[in-house]
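Novice: Pasting a structure below so you can have a look.
The values are calculated or read from the model by the stated rules, or taken from the named source; none is laboratory data. Everything quoted here is computed from the prediction, not taken from an experiment. FYI the Cβ positions are ideal-geometry reconstructions off the backbone, even for glycines, and counts take in every protein chain you see.
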Amino acid sequence: MNRLDSLKDSRKKHLVIYLMAGDPDLKTTEELIYSLAGQGVSAIELGIPFSDPVADGPTIQRAGERAIANKITIKDGLGLVSKVRARVSVPIIFMLYYNLIYSYGIERFVNDCVKAGVDGAIVPDLPYDEEKQFYDYAENKGFYVICLVSPTNTVERMKKIVEKSRGFVYYILLKGVTGAQKKLSTDFEFLSKIMKIAEKPVFAGFGISTPAQAEEVAKHADGVIIGSAYVSLIEHFAGNKKQLHLKSKQFVNKLLKRL
């Protein structure tokens, strides 16, 4: 059984937190994973840095640049997950671009992820109907590839994406790249259509930056994904680890209380 199957619990709203592996360093990422798991987040999305992150806004781009400067690779991400698995059972998902998977080797990537305890991957530049070999091999190994639905998708394409996605469906709230927004403007009507047909959880992300926004989005989805707002916190307090851990806990607690 894949750990992501635990997210099917409809009695609660789920919180997924994104952070970049190795930002500001792998030790801090490890400590934050322990903290997030201890607070009860539903899943952790772990970014693997890439030189051309087409779906990332400036905050996560900067995090990726810092991680690249630290020479963080897929192997480092795998080693980190393998290490934290001794203490945490929360689902952990890689968020990375397909060129990294292709260069690493499709079967090798899936096999090594399963061995390390990575439960799935979000690959924002890989449409559901391309690279059948990767999707089929992941399916065969019980490794979940989570697909993204955009507000610009047709209803027909949305239905196919929802069917293809494993673990949960990732609904993109914004047209464009990731990034915290002072005011959320999204098509909840389209999200409601996804919720009606999906037989798996639907989580919404891109642009959620405050507990109030998370609460509003959670009224329409099974859970929320927080990325840029959390990465921004890491960026701001990276020079003071004590403050970073304190602010991280405070931020996550506020989110959990509103869901």
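A quick yes/no check of all residues on (1) among the hydrophobic types (A, V, I, L, M, F, W, C); (2) in a helix (DSSP H, G or I); (3) surrounded by 17 or more Cβ atoms within 10 Å (Cβ to Cβ):
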{"position": "209", "(1), (2), (3)": "no, no, yes"}
{"position": "213", "(1), (2), (3)": "no, yes, yes"}
{"position": "216", "(1), (2), (3)": "no, yes, no"}
{"position": "234", "(1), (2), (3)": "yes, yes, yes"}
{"position": "249", "(1), (2), (3)": "no, yes, no"}
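Novice: Would you mind finding the one in 82, 35, 103 that is of a type outside the set (Val, Ile, Thr), touching a residue at least 40 places away in the same chain (Cβ under 8 Å) and out of contact with any Lys or Arg (no Cβ under 6 Å at 6 or more places or on another chain)? Outline the logic, then answer.
Specialist: Values: 82 fails: touching a residue at least 40 places away in the same chain (Cβ under 8 Å); 103 fails: touching a residue at least 40 places away in the same chain (Cβ under 8 Å).
Result: 35 is the single residue among 82, 35, 103 that is of a type outside the set (Val, Ile, Thr), touching a residue at least 40 places away in the same chain (Cβ under 8 Å) and out of contact with any Lys or Arg (no Cβ under 6 Å at 6 or more places or on another chain).
Novice: What number of residues in segment 158-176 are buried (at least 20 other Cβ atoms within 10 Å of the Cβ) and not β-branched (Val, Ile, Thr)?
Specialist: Within segment 158-176, residues that are buried (at least 20 other Cβ atoms within 10 Å of the Cβ) and not β-branched (Val, Ile, Thr) number 8.
Residue-by-condition table, conditions (1) of a type in the set (Phe, Trp, Tyr); (2) modelled with pLDDT of 95 or more; (3) in contact with a Leu (Cβ under 8 Å, 6 or more places away or on another chain):
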| position | (1), (2), (3) |
| --- | --- |
| 127 | no, no, no |
| 137 | yes, yes, no |
| 162 | no, yes, no |
| 178 | no, no, no |
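Novice: Spot the failing condition for residue 11; the list is (1) outside any helix (DSSP H, G or I); (2) surrounded by fewer than 19 Cβ atoms within 10 Å (Cβ to Cβ); (3) in contact (Cβ under 8 Å) with a residue 24 or more places away in the chain; (4) of a type outside the set (Ser, Thr, Tyr), and only one is missed.
Specialist: It fails just one condition, (3).
Novice: Taking segment 146-157 as the region of interest, how many residues are in contact with a strand residue (DSSP E or B) (Cβ under 6 Å, 6 or more places away or on another chain) and either assigned to a loop (DSSP other than H, G, I, E, B) or surrounded by fewer than 22 Cβ atoms within 10 Å (Cβ to Cβ) (or both)?
Specialist: Of the residues in segment 146-157, 2 are in contact with a strand residue (DSSP E or B) (Cβ under 6 Å, 6 or more places away or on another chain) and either assigned to a loop (DSSP other than H, G, I, E, B) or surrounded by fewer than 22 Cβ atoms within 10 Å (Cβ to Cβ) (or both).
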